[in-house]
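Engineer: Mind looking over this structure? Questions follow.
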Amino acid sequence: MGEHTGTRELPLLPLRGLLVYPSMVLHLDVGREKSVKALERAMVDDNYILLSTQEEVQVEEPDVEQIYPVGTVARVKQMLKLPNGTIRVLVEGIQRARIEEFLQKDEYFYVSITYLQETSENQNEIEALVRTVLQHFEQYIKISKKVSPETLSSVSDIEEPGRMADVIASHLPLKMKDKQDVLEETDIYKRLEILLTILNNEREVLELERRIGQRVKKQMEKTQKEYYLREQMKAIQKELGDREGRGGEIEELRAQLNESDAPERIKTKLEKEIDRLEKMPATSAESSVVRTYIDTLLSLPWSVNTEDNLDIAHAEAILDEDHYGLEKPKERMLEYLAVKKLVSQIQGPILCLVGPPGVGKTSLAKSIARAMERQFVRISLGGVRDEAEIRGHRRTYVGAMPGRIIQGMRSAKTVNPVFLLDEIDKLASDFRGDPASALLEVLDPNQNDKFSDHYVEETYDLTNVIFITTANTLHTIPRPLLDRMETIEISGYTEVEKLKIMQGYLLPKNMETHGISKDKLKVSEEAMMKIVRQYTREAGVRNLNREAANLCRKAAKILVSGEKKRVVVTPKTLENLLGKPRFRYGLAEVEDQIGSVTGLAWTQVGGDTLSVEVSVYPGKGNFTLTGQLGDVMKESAQAAFSYIRSRATEWKIDQEFLEKHDIHIHAPEGAIPKDGPSAGITMATAILSALTNIAVRKEVGMTGEITLRGRVLPIGGLKEKVLSAHRAGLTTIIFPKDNEKDLEDIPDSVRDEMTFHAVEHMDEVIKYAFVTGKTEKKK
Ligand code: ADP
């Protein structure tokens, strides 16, 4: 502008923290008394006033020296008294001026000033500099974001370079000293230079600020993110009821590990696993796998054992207390204990209890555990076809588990339980590996101190375990396994034995579990016998036990309902409680029959009777077999028939008759499939009876293999067969002479009630079986 020249006198308004450049228009709030007075003076004069900044903002009453000597002459355009006593003025900066002299300082400052003139010598250079300044200002605006972009356009519209410099300076957040420097510089080029330096500085500072800011922000974001996620995790854990969180869990595991009886190598391994677990997120799938593994190994017994009670008398008492009879197995058990007493580590074979279901194999094993005061565990091998079921799955499988042996040990909680491997004859094997070979390792005392389970990964010592196995039959046990075992056979019970078991064991036990005291239920011996004979038909006592429980339930109902104070069961009242008898006692025919013979069979579930029926009718000499017959039995039927044909003339049977008739053999009895050659003589007898029309004695049961020449060959399972014949009410047994030695095994009570005919040839069979006693042979 620079329209004023020379000097003049003016009131002075010292500014605090503020600097006004020429051409700026702005509001000022004036409160200090001196300043108000200066304003008033200006209003009295021509509204002109000098605005000069004081060096220190804090100073209330600045001295002359504390006021910058260069200021801006301004015109007061408006004045407004505010309620709080201050005055708001609108001022417009006019021109730079230097204070020459303070004319008055007391009431208000009154000074004489010289107007300053701007100089701009080199227009081109100024022009260039203006551009640079504008560029820098533009960049500054971009970075700082403190100045609006519109300011840039309004600034670049200013044509006078000096004024532009002032406006830019007024927009920058500068120190007062810098602003004053811009104000005091009257050379426009130099003023622009100062501004450029300031802008450069500012920009650098801003860059730096921005970089720092970004770094800080990144840092902040990261920590904030983590914080946020952690909080979220806490919330999830809380929702899942995992209040303690990881910390507690890990500590607990460490404490458990401390108390564990595991050997050092296992402990070291578990320590590592716990460390690993600690680093995993609590909810991850992997962590639950690790957790399960640690739990499994911690819950395994490694050295905890029970003290053996090897007192033979005590053991005998317990075995007798739990079981009636079973002399042989009991004896063998006691021998076992005796040996155990002498040598701590028994190297002998594994005991295998063989017999039909329900004869007390499992409960005998349990008794042994009780007698020795060991823990008892039982696993069933029935249908186990996968090696992994014995040895477990590798941990890498999802849902992997240790094998049954280790699981059994886990539930035993000691390293020396009695371990029953049930149904070892039902082991299967297929492409998934051979469970039998894995079992071999389990049962071999030379190997089982280092039993390896895929899941556990570490070897496990099974040497202190007493293994006992059970089986229904020996045929299906894999040979190598069988070689490891000493078999103890428990065949079925006789009626009398069953009666004793019912009386002394099953009924009292069931009464106790049903809460019936001794005086409340009386079952007569006859009633018990009726249960044995007409409600059950089995080698063991499983169903008998069931009927005992049934009886107790029925009695309990009567007692509780108050119907009676005491229940007495006789054969007559029995049917009211247990319903109609399930079996007709004595399968033996009521009358002697033609073409129907009772054979004796041996099955996996014990002995059984088997009725063979033959009918002859006109035809073409064909031969038919129906019923539950195995292949061996069919062949044996063929042999029997061939034998009879070859001797037909002797039996007065016409060859022509044979050619014009069909023979049909049928074995109707058949819930359990029967097979084997031992029905040979039975079928031969039935065929002959049908062909000759001679009846067969109803009380006869027979067993024996037949050759084409009619010789009778020995068979197996005579004891079971005789017991079943006895159960069925037969009184005469025809059996191979070679089996005579087996008669010893048959309990006296049964033997005394029956007649036995040991035979070598079919002729003898006929002699004893046919009603006539003897068929006339054609000489
Ligand atoms: P298994 O294992 O041979 O199939 P269990 O051991 O399960 O037979 O026996 C079935 C039930 O019969 C058990 O309650 C058992 O106590 C009982 N039992 C079997 N034999 C006898 C016995 N000789 N004396 C007393 N109870 C017996």
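Taken together, the values in this text are just the output of simple stated rules run on the coordinates, not laboratory data. Please read all numbers here as calculations on a predicted model, not as lab measurements. When we count neighbours, we look across all protein chains shown, and the Cβ atoms used for this are built from the backbone with ideal geometry, even at glycine.
Engineer: In 10 Å bins starting at zero, report the fraction of Cα pairs in the range 385-476 per bin as a rounded %.
Structural biologist: With 10 Å bins starting at 0, P(r) equals 17, 50, 30, 3.
Engineer: Taking 32 Å as the cut-off for C-alpha to C-alpha distance, list the pairs among Lys366/Lys580; Lys530/Lys719; Lys660/Lys721 that go past it. It would help to have the intermediate numbers written out before the result.
Structural biologist: Working: Lys366/Lys580 35 Å; Lys530/Lys719 23 Å; Lys660/Lys721 37 Å.
Long pairs (Cα-Cα over 32 Å): Lys366/Lys580; Lys660/Lys721.
Engineer: Here's something else I'd like to know. Among Tyr643, Gln224, Ile694, flag the residue with its Cα farthest along the positive direction of the charge dipole of the chain, charges on Cβ as +1 for Lys/Arg and -1 for Asp/Glu.
Structural biologist: Ile694
Engineer: Using the Cα centre of the range 526-659 as origin and beta-carbon charges of +1 (Lys, Arg) and -1 (Asp, Glu), tell me which of Gly627, Asn576, Ile594 is placed farthest towards the positive end of the dipole.
Structural biologist: My answer, from the dipole projection, is Asn576.
Engineer: Output the relative contact order of the range 632-779, whole-number percent, from Cα pairs under 8 angstrom with separation of 6+ residues.
Structural biologist: Working: 214 pairs, mean separation 38.7, N = 148.
Relative contact order for the range 632-779 comes out at 26 percent.
Engineer: Per-residue HN-Hα couplings for the range 98-113, Karplus 6.51 cos²θ - 1.76 cosθ + 1.60 at θ = phi - 60°, whole Hz, x for Gly and Pro?
Structural biologist: Couplings: 10, 6, 9, 7, 8, 7, 8, 10, 7, 5, 7, 7, 9, 10, 9, 10 Hz.
Engineer: With +1 on each Lys and Arg Cβ and -1 on each Asp and Glu Cβ, and nothing else charged, work out how big the dipole of the chain is about its Cα centre, in Debye to the nearest 20. Please report the intermediate quantities before stating the final value.
Structural biologist: On the way: 109 positive and 124 negative charges, 908 e Å.
In debye, rounded to 20, the chain gives about 4360.
Engineer: Between Glu251 and Gln104, what FRET efficiency comes out of the Förster formula 1/(1 + (r/R0)^6) with R0 = 60 Å and r the beta carbon distance, rounded to 0.05? If you can, show how the numbers build up before the last one.
Structural biologist: Numbers: r = 84 Å, r/R0 = 1.40.
Efficiency, rounded to the nearest 0.05: 0.10.
Engineer: Quick check: pseudo-label points 7 Å beyond the Cα along Cα→Cβ at Asn201 and Asp752, how many nm apart are they?
Structural biologist: According to this spin-label approximation, the distance is 13.1 nm.
Engineer: Checking the cross-link filter: which lysines have an alpha carbon closer than 21 Å to that of Lys279, excluding same-chain neighbours under 8 positions apart?
Structural biologist: Straight-line reach from Lys279, under 21 Å: Lys222, Lys225, Lys234, Lys238, Lys267, Lys269.
Engineer: May I pose another question? Quick one: which residues, 5 or more positions from Leu116 or on another chain, have an amide H under 5 Å from its amide H? H modelled 1.01 Å from N in the peptide plane, none for Pro or chain starts.
Structural biologist: Arg96, Ala97, Arg98
Engineer: Something else about it: Would you pull out the residues with amide H under 5 Å of Gly619's amide H, same chain only if 5 or more places away, H placed 1.01 Å from N?
Structural biologist: Amide H neighbours of Gly619, under 5 Å, 5+ apart: His661, Asp662.
Engineer: If you take the square roots of the eigenvalues of the alpha-carbon gyration tensor of the range 686-751 and sort them as a ≥ b ≥ c, do you get rounded (a/c under 1.5), prolate (a/b over b/c) or oblate? Mind dumping the intermediate values first?
Structural biologist: Details: a/c = 3.01, a/b = 1.35, b/c = 2.23.
Cα axes put the range 686-751 in the oblate bin.
Engineer: With +1 on each Lys and Arg Cβ and -1 on each Asp and Glu Cβ, how big is the dipole of the range 676-767 about its Cα centre, in debye rounded to the nearest 20?
Structural biologist: Working: 11 positive and 14 negative charges, 74 e Å.
That gives the range 676-767 a dipole magnitude of about 360 debye.
Engineer: For the residue pair Tyr228 and Asp157, what label-to-label distance in nm results when each label sits 7 Å from Cα along the Cα-to-beta-carbon direction?
Structural biologist: 4.3 nm
Engineer: Nearest 5 is fine: what % of DSSP beta bridges in the range 1-87 come out antiparallel, could you say?
Structural biologist: Numbers: 7 of 11 bridges.
Looking only at bridges with both residues in the range 1-87, the antiparallel portion is about 65 percent.
Engineer: Once you have the Cα-Cα distance between Ser517 and Lys652, take 0.36 nm times their residue separation minus that, and quote the gain in nm to one decimal. Please list the in-between numbers first.
Structural biologist: Numbers: separation 135, 0.36 × 135 = 48.60 nm, distance 6.80 nm.
Roughly 41.8 nm would be gained on extension.
Engineer: List the residues of the range 707-721 whose backbone N lies under 15 Å from a point placed 7 Å from the Cα of Asp738 along the Cα-to-Cβ direction.
Structural biologist: 707-718
Engineer: Grab the Cα-Cα distance for Glu335 and Lys620, subtract it from 0.36 nm times how many residues apart they are, and report the gain in nm with one decimal.
Structural biologist: On the way: separation 285, 0.36 × 285 = 102.60 nm, distance 6.40 nm.
96.2 nm is the gain from fully extending Glu335 to Lys620.
Engineer: Could I have the simple spin-label model distance between Thr459 and Lys500, label points 7 Å from Cα toward Cβ, reported in nm to one decimal?
Structural biologist: Going by the 7 Å Cα→Cβ label model, 4.8 nm.
Engineer: How far, in nm, would the chain grow between Lys142 and Ser524 when pulled straight, counting 0.36 nm per residue and subtracting the alpha carbon separation? Each step should come with its number before you reach the end.
Structural biologist: Details: separation 382, 0.36 × 382 = 137.52 nm, distance 11.12 nm.
In short, 126.4 nm is gained.
Engineer: Among DSSP beta bridges whose residues both lie in the chain, state the antiparallel percentage, nearest 5. Intermediate results must be reported in sequence, preceding the final value.
Structural biologist: Working: 56 of 98 bridges.
That works out to approximately 55 percent antiparallel.
Engineer: Now, a different point. Taking a 24 Å limit on the Cα-Cα distance, which of the listed pairs Lys522/Lys572; Lys145/Lys179; Lys81/Lys146; Lys518/Lys572 fall beyond it? Walk me through the numbers on the way to the answer.
Structural biologist: Values: Lys522/Lys572 14 Å; Lys145/Lys179 20 Å; Lys81/Lys146 32 Å; Lys518/Lys572 21 Å.
Going by Cα-Cα distance, Lys81/Lys146 fall outside the 24 Å limit.
Engineer: For a bin width of 20 Å, list the pair-distance distribution of the chain built from all Cα-Cα distances, rounded to whole %.
Structural biologist: 12, 23, 18, 10, 8, 11, 12, 6, 1
Engineer: Follow-up. Of Leu26, Val57, Ala38, which is farthest on the positive side of the dipole of the range 4-96, counting Cα position, with +1 on Lys and Arg Cβ, -1 on Asp and Glu Cβ, and the Cα centre as origin?
Structural biologist: With unit charges placed on the Cβ atoms, the residue in question is Leu26.
Engineer: Would you list Thr459, Thr223 from fewest to most Cβ contacts within 10 Å? Walk me through the numbers before you get to the answer.
Structural biologist: Values: Thr459 14, Thr223 10.
Fewest to most other Cβ atoms nearby, the residues stand as Thr223, Thr459.
Engineer: Going by a ≥ b ≥ c, the root eigenvalues of the Cα gyration tensor, does the range 314-388 fall in the rounded group (a/c under 1.5), the prolate group (a/b larger than b/c) or the oblate group? Write down the numbers at each step before the final one.
Structural biologist: Details: a/c = 1.90, a/b = 1.28, b/c = 1.48.
It comes out oblate by the Cα gyration axes.
Engineer: Turning to a different aspect of this structure: Please work out whether the range 244-348 counts as rounded, prolate or oblate from its C-alpha gyration tensor, where a ≥ b ≥ c are the square roots of the eigenvalues and a/c under 1.5 means rounded, while otherwise a/b larger than b/c means prolate and anything else oblate? It would help to have the intermediate numbers written out before the result.
Structural biologist: Working: a/c = 3.93, a/b = 3.01, b/c = 1.31.
Cα axes put the range 244-348 in the prolate bin.
Engineer: Tell me, what is the FRET efficiency for Asp275 and Lys175 to the nearest 0.05, using R0 = 56 angstrom and their Cβ-Cβ distance as r?
Structural biologist: Once rounded, the FRET efficiency stands at 0.45.
Engineer: Report, in debye and to the nearest 20, how large the dipole of the range 33-148 comes out about its Cα centre when Lys and Arg carry +1 and Asp and Glu carry -1 on their Cβ.
Structural biologist: Details: 14 positive and 20 negative charges, 155 e Å.
Dipole magnitude for the range 33-148 comes out near 740 debye.
Engineer: Just in the range 517-593: which trypsin sites (Lys or Arg not before Pro) are loop by DSSP and have at most 13 other Cβ atoms within 10 Å? Kindly include the intermediate steps, with their values, before the conclusion.
Structural biologist: On the way: sites: Lys518, Lys520, Lys522, Lys530, Arg533, Arg537, Arg542, Arg546, Arg553, Lys554, Lys557, Lys564, Lys565, Arg566, Lys572, Arg582, Arg584; in loops: Arg537, Lys564, Lys565, Arg566, Arg582, Arg584.
Passing both the DSSP loop test and the Cβ count: Lys564, Lys565, Arg566, Arg582, Arg584.
Engineer: At a Förster distance of 41 Å, what's the computed FRET efficiency of Glu760 paired with Glu327, Cβ-Cβ distance as r, to 0.05?
Structural biologist: On the way: r = 32 Å, r/R0 = 0.79.
Efficiency at R0 = 41 Å is approximately 0.80.
Engineer: Give a quick list of chymotrypsin sites (Phe, Trp or Tyr not before Pro) in the range 359-457 that DSSP marks as loop, anything other than H, G, I, E or B, with at most 11 other Cβ atoms within 10 Å.
Structural biologist: On the way: sites: Phe376, Tyr397, Phe419, Phe431, Phe451, Tyr455; in loops: Tyr397, Phe431, Tyr455.
When the chymotrypsin sites (Phe, Trp or Tyr not before Pro) of the range 359-457 are filtered for loop state and at most 11 Cβ neighbours within 10 Å, Phe431 remain.
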